[in-house]
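S.K.: Can you read through this structure? Questions will come right after.
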Amino acid sequence: MKVLLCTGRYYMGGIEKYVHDLAVNLSEKNIEVSLLVFYKIKNDDIGFLRSKNIKIYELNGKNGRDLKMNYSFYKIIRTLKPDIIHLNVIPFLSVLPLTFYNGKIIYTIHQLDQNRQVNKFFSKIIDGVIYLSENVERYYRNINYLPFSERKIINNGIVNFNENLYKKPEEVINLIMVSRLAQDKQPDLAIEIIHYLIKNSSRIFHLTLVGEGDVDDTEYIRKIEKTIAEHSLSQYVTFAGWKKDVIPELLNAQGFLMLSRKECFPYNVLEALSVGIPIFSFNVEGGLIDMHQNDVTGIMIQDNNPIDLAKEIDNVFNTERWKIYSENAFQRAKKFSISSMTEKTLTFYEELLSKKRINP
């Protein structure tokens, strides 16, 4: 079987992690895997993929309407003749080369949005859709998204540990947030949370922000830095930058903040669960609830009020509830493994290849 995995950019984030893990594990099952990056590669991890005999194609496209990029995509398809094209992003004009492709096209949805162009122009050429959780599948089914495609729910997978590595709270309780420093992730609310805790809690709290912003997030980050300075919080907040491996940072944390407006099935929460960290979140739209439940793996409040969440955090660490949440988190993470993700994806490939495409 030949599989062409396609992604937008290869830099940082959940899509890149998904593509990397799937490519490596499929290649170890003697599947011929190639990786196509529509835009830019900014990750030295590419060398490791090549060592696994995974072919890499970087198209350096400007955007989804880049004709030169999509013509290069067409030529690669003609040369490789893959059995499966597995899309993880969909450039708009890729509809042209994909229309003339005779194999099977699969699309994994990583972001919770309603892309009407994809639904309109790709619905009759995408053979299968992978949804990362039950709630994500329900969300898209309710809006009749890609109605002609086969549907499959396959959770993201992570490396699981043999023991709970959580470090119990001591003098300083370290809260951590792992995400792009972007407005939709709302790290500004993490600053409100730490500000409340510093001013009102009898415990000492610290906040670590792991991640970077994109170019268009520069002004937003400046506002966050200004807020930190205005409230004299510099000694309580650490900007750790982007980390290829976040596990060492997680091992020093006692609580994980998930404050996004919406999420599909976030890797950062899965990794926090894997080391037994209680999760503190809003009721984020999407698949978060399929991995994290209120008063089980941590706290999930129904509104998006950072002060209400800060009060809950304070209450948890003034009791022994963190012990229960930590063990529940660690056990919950065992449900999500890379091997299971790979096996289910491969089975989906085989199911689709056994069926003839029927044009609706």
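The values are calculated or read from the model by the stated rules, or taken from the named source; none is laboratory data. Just so we're clear, the structure is a prediction, and the values are computed from it rather than from any experiment. Here the Cβ is made from the backbone with ideal geometry for all residues, glycine too, and neighbour counts use every protein chain on show.
S.K.: Among F265, F256, which is assigned to a loop (DSSP other than H, G, I, E, B), of a type in the set (F, W, Y) and either closer than 28 Å to H20 by Cα or in contact (Cβ under 8 Å) with a residue 60 or more places away in the chain (or both)?
M.R.: F265
S.K.: Looking only at the range 265-285, decide whether some residue is touching a Pro at 6+ places or on another chain (Cβ under 9 Å) and surrounded by fewer than 23 Cβ atoms within 10 Å (Cβ to Cβ).
M.R.: Initial filter on the range 265-285 (touching a Pro at 6+ places or on another chain (Cβ under 9 Å)): 272, 282, 284.
Going one step further and asking which of them are surrounded by fewer than 23 Cβ atoms within 10 Å (Cβ to Cβ), we end up with 284.
Yes, the range 265-285 has at least one match.
S.K.: Please go through the range 229-262 and pick out each residue that is more than 17 Å from L175 (Cβ to Cβ), modelled with pLDDT of 95 or more and among the acidic types (D, E).
M.R.: The one that is more than 17 Å from L175 (Cβ to Cβ), modelled with pLDDT of 95 or more and among the acidic types (D, E): E230.
S.K.: What's the number of the condition I289 fails, among (1) modelled with pLDDT of 95 or more; (2) surrounded by fewer than 20 Cβ atoms within 10 Å (Cβ to Cβ); (3) more than 22 Å from the chain's Cα centre (by Cα)?
M.R.: With (1) modelled with pLDDT of 95 or more; (2) surrounded by fewer than 20 Cβ atoms within 10 Å (Cβ to Cβ); (3) more than 22 Å from the chain's Cα centre (by Cα) applied to I289, the lone miss is (3).
S.K.: Name the single residue, out of those in the range 184-228 being modelled with pLDDT under 95 and assigned to a loop (DSSP other than H, G, I, E, B), that is surrounded by the most Cβ atoms within 10 Å (Cβ to Cβ).
M.R.: G211
S.K.: Right, next: Checking the condition surrounded by 14 or more Cβ atoms within 10 Å (Cβ to Cβ), of a type in the set (D, E, K, R), at pLDDT 95 or above and not assigned by TED's automatic domain parsing to the domain that holds R151, which residue from K311, K344 passes?
M.R.: Working: K344 fails: not assigned by TED's automatic domain parsing to the domain that holds R151.
None of the others qualify; the one that does is K311.
S.K.: What residue, among those in the range 229-246 that are of a type in the set (S, T, N, Q) and outside any strand (DSSP E or B), is farthest from Y10 (Cα to Cα)?
M.R.: So the first thing to find is which residues in the range 229-246 are of a type in the set (S, T, N, Q), and the list is 232, 234-235, 238.
With outside any strand (DSSP E or B) added as a condition, the list becomes 232, 234-235.
Working: S232: 37, S234: 32, Q235: 34 Å.
Across the range 229-246, the extreme among qualifying residues is S232.
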